[in-house]
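The values are calculated or read from the model by the stated rules, or taken from the named source; none is laboratory data. Since the structure is predicted, the reported quantities are computational estimates derived from the model, not experimental observations. A quick note on method: Cβ atoms are made from the backbone with ideal geometry, for glycine too, and the neighbour counts reach across all protein chains shown. Keep in mind that these areas ignore ligands, DNA and RNA; they rest on the heavy atoms of the full protein, side chains included. Shrake-Rupley method; radii C 1.70, N 1.55, O 1.52, S 1.80 Å.
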Amino acid sequence: MILIADCGSSKIEWSLLSVDGREEKRFHTPGMNAVMMTRDEIDQRIAAELVPELGDAHSRVGHVYFYGAGCISPAVCGNVADGISHYLPNAKVEVYSDLLAAARALCGHEPGIACIMGTGSNSCYYDGQEIVSNVSPLGFILGDEGSGAVLGKRLVGDVLKRQLPADICEKFLNQYDLDLLSIIDRVYRKPQANKFLASLSPFIHEHIDCPEMRALVINEFMAFFRRNLCAYSQSRVANFVGSIAYYYRPLLEEAAAANGFAIGTILRAPMEGLIQYHTK
């Protein structure tokens, strides 16, 4: 059997496939970022969350493909692989980055530009086998243009600096029960500010007919193309995975055209593409 994992900071989506490629089970466990965890912590999570879901099937898993947030170095990937192998002793375990998951899900075995645009953003040029070029995303403070976290950051900044219509600002603060001090606390003092900011992005989508809100999104998408994708000279077609790209496709297409790009495939999540990739 084949086990595929799409691991993000919020959740891990797992798909268990039979030898002929049929999906036997799909389930979710809490997310993790492997670069922030020790080997012991990873072991504990696998034992407590994955093994019970697999049940008797754990001994029949012959191959695991784990794609994860934070899987950015051989050492981190090794920790994840060792943790899984300890409980799935008959499986060959391969661990890769979430960016390679996006590339394989979007492009398969063909070359192309693959992008992530969800809570964070990232991009690469993929030659059909591996990532050959990547502009560092730098996170939501220094980069992550167009991501949910940065859209949320722009939104709260524009609300607090009164750059949006007064009725929109008031509605936002009331809807999320926020004020200046609570926003400062969530962003500067509490952990996972990126998730908090990304959780605010649906408000933008609800009010996208507001010209100022529309401009906020377009400006961020324009920055994503200008600061990231223009570095990839091999193609002018961009493919995306992630909720922001999925729900804001018309504005993404507008920003792409303004920068000389076309939009190819957009997937809300990579799992279906990964199943196709690994069962072909």
message: Could you go through region 126-141 and let me know if any residue there is surrounded by 15 or more Cβ atoms within 10 Å (Cβ to Cβ), touching a Cys at 6+ places or on another chain (Cβ under 7 Å) and under 20 Å from Ala198 (Cβ atoms).
response: no
Exercise. Does any residue of region 59-72 turn out to be polar (S, T, N, Q), out of contact with any Asp or Glu (no Cβ under 7 Å at 6 or more places or on another chain) and closer than 24 Å to Arg227 by Cβ?
Worked result: no
Within region 98-108, the residues that are surrounded by 23 or more Cβ atoms within 10 Å (Cβ to Cβ) and either without any contact (Cβ under 8 Å) to a residue 40 or more places away in the chain or among the polar types (S, T, N, Q) (or both) are Leu99, Ala103
Matching residues in region 109-138 (assigned to a loop (DSSP other than H, G, I, E, B), touching a Phe, Trp or Tyr at 6+ places or on another chain (Cβ under 9 Å) and over 24 Å from Ser9 (Cα atoms)) number 3
How many residues of region 142-175 are open to solvent by 30 Å² or more (accessible area, probe 1.4 Å), touching a residue at least 40 places away in the same chain (Cβ under 8 Å) and within 20 Å of Asp209 (Cβ to Cβ)? The answer is 4
Matching residues in region 83-97 (open to solvent by less than 40 Å² (accessible area, probe 1.4 Å) and either at positive phi or assigned to a helix (DSSP H, G or I) (or both)) number 2
When (1) of a type outside the set (S, T, N, Q); (2) farther than 24 Å from Phe196 by Cβ; (3) in a helix (DSSP H, G or I); (4) open to solvent by 70 Å² or more (accessible area, probe 1.4 Å) are applied to Val80, the one that fails is (4)
From the option list Arg214, Arg186, Arg226, single residue qualifying as open to solvent by 20 Å² or more (accessible area, probe 1.4 Å), part of a helix (DSSP H, G or I), over 18 Å from Met117 (Cβ atoms) and not hydroxyl-bearing (Ser, Thr, Tyr) is Arg186
- Are any of the residues in region 194-201 free of Cβ contacts under 8 Å to residues at least 60 places away in the same chain and touching a strand residue (DSSP E or B) at 6+ places or on another chain (Cβ under 6 Å)? no
Within region 229-240, restricting to residues that are open to solvent by 10 Å² or more (accessible area, probe 1.4 Å) and within 17 Å of Ala102 (Cα to Cα), the one that is modelled with the lowest pLDDT is Ser235
Going through region 27-55 in order, the residues found to be surrounded by fewer than 17 Cβ atoms within 10 Å (Cβ to Cβ), in contact with a Leu (Cβ under 9 Å, 6 or more places away or on another chain), in a helix (DSSP H, G or I) and among the hydrophobic types (A, V, I, L, M, F, W, C) are Val51
